[in-house]
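Trainee: Quick one: this structure, given as structure tokens, is what I'll be asking you about.
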Amino acid sequence: MMTTIGYGQKAKFKTDICVVQKVRLPINFSEPEQRTYQITTKGSYSDNIDATEKRIYGWAVTEESPNVKAVINIYDFSIGKVQKQSEKKEKKDKAGKVTKWTEYYYTNSATGKGTLMVYGLDDPFEFKVQKSEKEKSKYEKKKEAKAAEQKKDLEDNPFLSAEVIDEAAESTTRLDNVSLETTDLPVVSRISLNNSSSVSTKRHRSSSAAYKEYANSHEEKLRVFENIYPEKAYSNAMHNLNVLYGFTPVNSRFYLKRMKSSKHPEYKMWNDACQATETMFKTFSYNTPIEDKQKQFDPIIKYFDGQLKKIKDDDKKQRKMKKAALTNLLNILYYLDRHESVIEIASKYTDTKKLSRSAKNMKEKSQKQFAHLAFHKMSSCHIVSTEEISADDIESEDLAEEEDVD
């Protein structure tokens, strides 16, 4: 009787954002004893850069035989020539009279140039999900079509042989002309640190007024950019190094579905489970193990799993509640690094209408993360570390786009 009453009314939900601290796994594998690096700076705009200000997380700096060496070259800055732009305008009043005028504005841009050269360990993680043609996104199809069109254009060129076309396609030549360092370590990557800034005045009916605005404020903005771009280039270089090798502490954010229907019989228990989830995830730290904390979530996992199983797949009235339960369950398991459970549960709903997209996305996401953890010989996205970091050192991961629960 209680089950019939309880699930006879629809439940409405709101979205909460839950935060959990962990590490972002690097691209390249390294054994703990291999994690030593050296960073040097060069170039005419690198004088005020302190290469030790930032770090590769989980690694130690050394001057003797580093396994990874990085050279940050910040070498050039240029401000373009200011450009006068104009646009003709006209307006017709109620009487049909047409008024015409010209609007003027000035634009300019500046570019700082830099390059990051990386040498040393090169053992990247690779994971490919086999997708059928019908599963390809519009972006993927458009990209493939453009590549095919470009290839055909080259093949139609009578001055190019098939051998030259193939050789050019495989080339890794870069546009910059940065010389390689003298080192026994192999080249891993050459990454552009170029950064640009643009300015534009407001629209004026007088070109002199537009130029006056540019000279009084916008020209100075480009000079300010010249002063800050070396630090921006350095920060970009360190971010790329951590993507390649570092175990970067991050605050990950994901969605939890809280219930809004206060009269629903599951209202308190459901929201208590959400509140407990948010509270317990706040205790997670990137540099401490989580095995004991994983067990604390068992009653919450059991609760949402029970709610998911109670509702039939074809129950349209409780569709939102079923999908909310699935969302909460899979997200909690994912951030507990219980990926085998995510894959098992999500697999049951990949062919269920209205649940298939969420299930497929989470299944693929967990398959990749599970493989990435295994690649690094880790059981969770948490490391044991005593290095001291500040709150500013912890990055915030982008929140994934929310899916409707309809």
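Trainee: Can you tell me which residue within the range 335-383, out of those that are surrounded by 16 or more Cβ atoms within 10 Å (Cβ to Cβ), over 25 Å from residue 287 (Cα atoms) and of a type in the set (Lys, Arg), is modelled with the lowest pLDDT?
Mentor: The extreme case among them is 354.
Trainee: Would you say residue 15 is assigned by TED's automatic domain parsing to the domain that holds residue 391, surrounded by fewer than 19 Cβ atoms within 10 Å (Cβ to Cβ), polar (S, T, N, Q) and farther than 30 Å from residue 226 by Cα? Steps first, answer last, please.
Mentor: Values: assigned by TED's automatic domain parsing to the domain that holds residue 391: yes; surrounded by fewer than 19 Cβ atoms within 10 Å (Cβ to Cβ): yes; polar (S, T, N, Q): yes; farther than 30 Å from residue 226 by Cα: yes.
Yes.
Trainee: Can I ask one more? Out of curiosity, is residue 359 in contact (Cβ under 8 Å) with a residue 40 or more places away in the chain and among the small types (Gly, Ala, Ser)?
Mentor: On the way: in contact (Cβ under 8 Å) with a residue 40 or more places away in the chain: no; among the small types (Gly, Ala, Ser): yes.
No, not satisfied.
Trainee: If residue 311 satisfies every condition in (1) out of contact with any Ser or Thr (no Cβ under 9 Å at 6 or more places or on another chain); (2) of a type in the set (Val, Ile, Thr); (3) at pLDDT 95 or above but one, which is the exception?
Mentor: Checking residue 311 against (1) out of contact with any Ser or Thr (no Cβ under 9 Å at 6 or more places or on another chain); (2) of a type in the set (Val, Ile, Thr); (3) at pLDDT 95 or above, the one that fails is (3).
Trainee: Continuing with the same structure: Filter the range 254-279 down to residues that are touching a Ser or Thr at 6+ places or on another chain (Cβ under 7 Å) and of a type outside the set (A, V, I, L, M, F, W, C) and give me whichever is nearest to residue 26 (Cα to Cα).
Mentor: 255
Trainee: All but one of (1) in a helix (DSSP H, G or I); (2) under 21 Å from residue 261 (Cα atoms) hold for residue 316; which doesn't?
Mentor: (1)
Trainee: Same structure again: Looking only at the range 329-341, count how many residues are under 22 Å from the mean Cα position of the chain (by Cα) and in a helix (DSSP H, G or I).
Mentor: 7
Trainee: Condition first: modelled with pLDDT under 70 and either under 28 Å from the mean Cα position of the chain (by Cα) or hydroxyl-bearing (Ser, Thr, Tyr) (or both). Now tell me which residues in the range 143-177 satisfy that.
Mentor: Step one: list which residues in the range 143-177 are modelled with pLDDT under 70, which gives 143, 167-177.
Correct list: 143, 169, 170, 171, 172, 173, 174, 175, 176.
Trainee: Identify, please: which residue in the range 210-254 is among the small types (Gly, Ala, Ser) and closer than 30 Å to residue 68 by Cα and is, among those, surrounded by the fewest Cβ atoms within 10 Å (Cβ to Cβ)?
Mentor: Taking the range 210-254 first, the residues among the small types (Gly, Ala, Ser) are 210, 215, 217, 233, 235, 237, 246, 252.
Now drop any that are not closer than 30 Å to residue 68 by Cα, which leaves 233, 235, 237, 246, 252.
Values: 233: 28, 235: 13, 237: 27, 246: 26, 252: 23.
Going through the qualifying residues, I end up with 235.
The values are calculated or read from the model by the stated rules, or taken from the named source; none is laboratory data. Worth saying up front: this structure is predicted, and the values here are computed from it rather than measured. Cβ coordinates were reconstructed from backbone atoms using ideal geometry, including for glycine residues, and neighbour counts include every protein chain displayed.
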